[in-house]
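Read through the structure below, which is laid out as structure tokens, and then see the notes.
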Amino acid sequence: MTEPDIKKGLAGVVVDTTAISKVNPETNSLLYRGYPVQELAATQPFEAVAYLLWNGELPDAEQLAELRATERAHRALADEVKAVIDLIPVSAHPMDEVRTAVSAIGASDPNAGGSVLNAGGSPAENLERSIRLFAALPAIVAYGQRRRRGEEPIAPRDDLDYSANFLWMTFGAEPDAVVVDAFNRSMILYAEHSFNASTFTARVITSTLSDLYSAVVGAIGALKGPLHGGANEAVLHIFDEIGDASNVKSWLDTALAEKRKIMGFGHRVYKRGDSRVPTMKAALDTLVEHYGRHDVAELYDALESEFVARKGIYPNLDYPSGPAYNLIGFDTLTFTPLFVAARVTGWTAHVIEQAGANALIRPLSHYDGVDERHIAR
Ligand code: ACO
């Protein structure tokens, strides 16, 4: 029998079409619905990009106002969701908390499970659910960080847009425009990235005609891993270990001798640099100036130049976003939940796309276990 051509990790395998985003490693570009992500990050509020991912076009003023009104109306967490979060030990990883909170929101949606005849829900129902999750996630993330710090939750503010309100609910202070802008850019850059591991997970779950909440819960599980979303958190652990730019060379000698993966570097698709990094690095630079933390920029540059010189492996988006979130004041454990708040837009756009042209995702495997055998009688 001929050996099948196994594509370990599905590397290089094209499994379906998508009209949501285009990753082009050759030109080092990323398009959301045709627009370069850098242009969107420089000109749009995150709400408009969410609208674009779901609907295929940027909103006009009226459409944006309508989305913002719906988002504002669903910002506050229901008491039963808060009660479920409060049952989780504060020692749990916040990704467990976010995963459970989304599951609780799904369980309190009376139509979420659909029926055998309407399994998964209609596109309109799923769009509505997507907006509700998009609106609720900042409150979940902010509630979690404050809970871990022993602080009272802060109610959302109707006079602030998405990013400013997110920061308000987390820190309880009017955020500076520079900080809101950097945070908004990070949300846009994290929003979507084609068939990455978490999005593919969401599509696999959707392909069984399961519901949107289940798809998002599964995607959160996939994103938690340090080879995917968990890397932004891991970058800060590395920065903490290194401490100062002058320690980079000796730290890297040891880390590479121990064959450690240097988090925040490398990418399955981009081999010559992640297209999102220059935009996020520019946002990080504005934060470095704002907070007067040139030591962070020095450590960032020293590790990047030393690692690229030694291994030829370039930073991914998690490399500049980790230190940016740290400067803004987020706890390191909160970084991957921030990725969830952004990526929920892309995930749900993919759920709607998958459900609209569905085929059950069910690959094959090549058996290499023991030959057929029988119970001795
Ligand atoms: N540090 C050290 N070595 C690395 C790194 C890294 N960050 N990334 C790749 N390599 C090495 C591997 O050890 C391997 O070397 P070998 O051929 O000598 O065994 C070679 O480069 C190829 O690496 P793979 O892991 O096989 O490449 P793959 O395409 O599967 O990996 C991945 C991509 C998982 C992202 C990898 O680069 C990695 O583990 N990076 C660190 C985690 C990280 O930053 N993840 C974030 C991803 S992007 C995002 O979610 C926004």
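Since every read-out is calculated from the coordinates, none of them should be taken as a lab result. This structure is a prediction, so every number in the text was calculated from the model and none was measured. Here the Cβ positions follow ideal geometry from the backbone for every residue, glycine too, while neighbour counts run over all protein chains shown.
Some notes on this structure:
- Once backbone amide H atoms are built at 1.01 Å from N, Ser29 has Asn24 as its partners under 5 Å, excluding neighbours fewer than 5 places away on the same chain.
- The peptide list 238-251, 261-274, put in order of mean Cβ contacts within 10 Å with the highest first, becomes 261-274, 238-251.
- For region 231-328, size of Cβ-based charge dipole, Lys and Arg +1, Asp and Glu -1, in debye: 620
- Long-range amide H partners of Gly264 with built H, under 5 Å: none
- Summary of packing: across the peptides 197-210, 20-33, 356-369, the per-residue average of other C-beta atoms within 10 Å ranks them, highest first, as 197-210, 20-33, 356-369.
- Projecting the alpha carbon convex hull of the chain along each direction and taking the average yields 23.8 nm².
- q = 0.16, 0.26, 0.27 Å⁻¹, region 51-124: log10 I(q)/I(0) [Debye, one scatterer per Cα]: -0.85, -1.10, -1.12
- Isotropically averaged projected area of region 231-328, using the convex hull of Cα atoms (one quarter of hull area), nm²: 5.7
- With θ taken as phi - 60° and the Karplus curve 6.51 cos²θ - 1.76 cosθ + 1.60 applied, the whole-hertz 3J(HN,Hα) list for region 21-33 is 8, 10, 9, 10, x, 5, 9, 6, 10, 9, 10, 9, 6 Hz, x standing for glycine and proline.
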